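The next block holds one structure in the form of structure tokens; read it before the comments.
The values are calculated or read from the model by the stated rules, or taken from the named source; none is laboratory data. As the structure is a computational prediction, the values presented were derived from the model and not from experiment. No Cβ is skipped: glycine too gets one built from the backbone with ideal geometry, and neighbour counts run over all protein chains shown. We work out accessible area using only protein heavy atoms, side chains counted, and drop any ligands, DNA or RNA first. Shrake-Rupley method; radii C 1.70, N 1.55, O 1.52, S 1.80 Å.
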Amino acid sequence: MKNSIYNLIINDLTNDCYNNCLNYFPDRAVVLDVGIGNGAMMKNYHSLIKSKELKLTGIDINRHYLNHCQCQIEKYGLEKNIEIYCMPVEQFDPIHTEFYDFILFSMSFMLFKDPRSVLERIKGWLKPGGEIIFFQTIYKKKFRLMEFIKPRLKYVTTVDFGIVTYEKDLLATLQAHNLMIVEDRLIKKEWYKGESRMLITTPSPAGRGSAQR
């Protein structure tokens, strides 16, 4: 039931996210997906993941979603491509010593209590030249109604949408952590005044830190 509600509500956003991101990743890219969810994207993109020989590590804190995600991995024969862990990014340590070409926040960045500390923690997990990608619904102007509604949706839908993400706040956070925007891709405008955007960033030379454990 929870997976059905999840798919119904954010299916379009999930499809837009992985359509853009998986096609952006080069062959044999090693990716950390922060907030992989229930793995519904594998139905449409398992062939692409295999053909590009991508290596994805997915983490999430919802065990129900990850149980479904593991079933999808097995259903589409992605055991060599995807591994998943049930833990928050604040506690996760990379398993592989080579770390990641990309770290993807697939609609998950607005869920953290302290997003700045998360950024400081994960920057050192990137390989040289690696990129952090934020796929996010972003608002340019204050939207009080959405500020009231969004945090409360989880009580009706079981899906935690976090808080409203404003452009100026997100850009200030990126700047504070020396993340340079490589590309700011507008995916589509939403009817409720938001914009689905894909922000591709990379640490500036002065901002690349060592991995925090």
Does at least one position in the stretch 103-111 carry a residue that is on the phi > 0 side of the Ramachandran plot, surrounded by fewer than 13 Cβ atoms within 10 Å (Cβ to Cβ) and touching a residue at least 12 places away in the same chain (Cβ under 8 Å)?
no
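Residues of the stretch 105-139 being of a type in the set (S, T, N, Q) and either part of a helix (DSSP H, G or I) or more than 21 Å from K193 (Cβ to Cβ) (or both), which ones? Talk me through it step by step, then tell me what you get.
From the stretch 105-139, those of a type in the set (S, T, N, Q) are 106, 108, 117, 136-137; that's our starting set.
The answer is S106, S108, S117.
Look through T137, T173 and report the one residue that is of a type outside the set (F, W, Y), within 23 Å of I61 (Cα to Cα) and at pLDDT 80 or above. Steps first, please.
Details: T173 fails: within 23 Å of I61 (Cα to Cα).
Sole residue among the options that is of a type outside the set (F, W, Y), within 23 Å of I61 (Cα to Cα) and at pLDDT 80 or above: T137.
May I ask you to say which residue of I73, I61, I95, I82 is free of Cβ contacts under 8 Å to residues at least 60 places away in the same chain and touching a Pro at 6+ places or on another chain (Cβ under 9 Å)? Full working, then the answer.
Values: I73 fails: touching a Pro at 6+ places or on another chain (Cβ under 9 Å); I95 fails: touching a Pro at 6+ places or on another chain (Cβ under 9 Å); I82 fails: touching a Pro at 6+ places or on another chain (Cβ under 9 Å).
The unique qualifying residue is I61.
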Counting only residues in the stretch 12-65 that are more than 20 Å from Y76 (Cα to Cα) and of a type in the set (A, V, I, L, M), the one farthest from the chain's Cα centre (by Cα) is identified as I61
Among the residues of the stretch 71-79, is any assigned to a helix (DSSP H, G or I) and open to solvent by 80 Å² or more (accessible area, probe 1.4 Å)?
yes
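Take the residues in the stretch 80-102 that are in contact with a helix residue (DSSP H, G or I) (Cβ under 7 Å, 6 or more places away or on another chain) and either surrounded by 15 or more Cβ atoms within 10 Å (Cβ to Cβ) or at pLDDT 95 or above (or both); name whichever of them is farthest from E167 (Cα to Cα). Let's see the steps before the verdict.
Residues of the stretch 80-102 in contact with a helix residue (DSSP H, G or I) (Cβ under 7 Å, 6 or more places away or on another chain): 81-82, 84, 86, 89-90, 94, 99-100.
Restricting the remaining residues to those that are either surrounded by 15 or more Cβ atoms within 10 Å (Cβ to Cβ) or at pLDDT 95 or above (or both) gives 81-82, 84, 86, 89, 94, 99-100.
Working: N81: 34, I82: 32, I84: 30, C86: 30, V89: 23, P94: 30, F99: 29, Y100: 26 Å.
Within the stretch 80-102, the match that is farthest from E167 (Cα to Cα) is N81.
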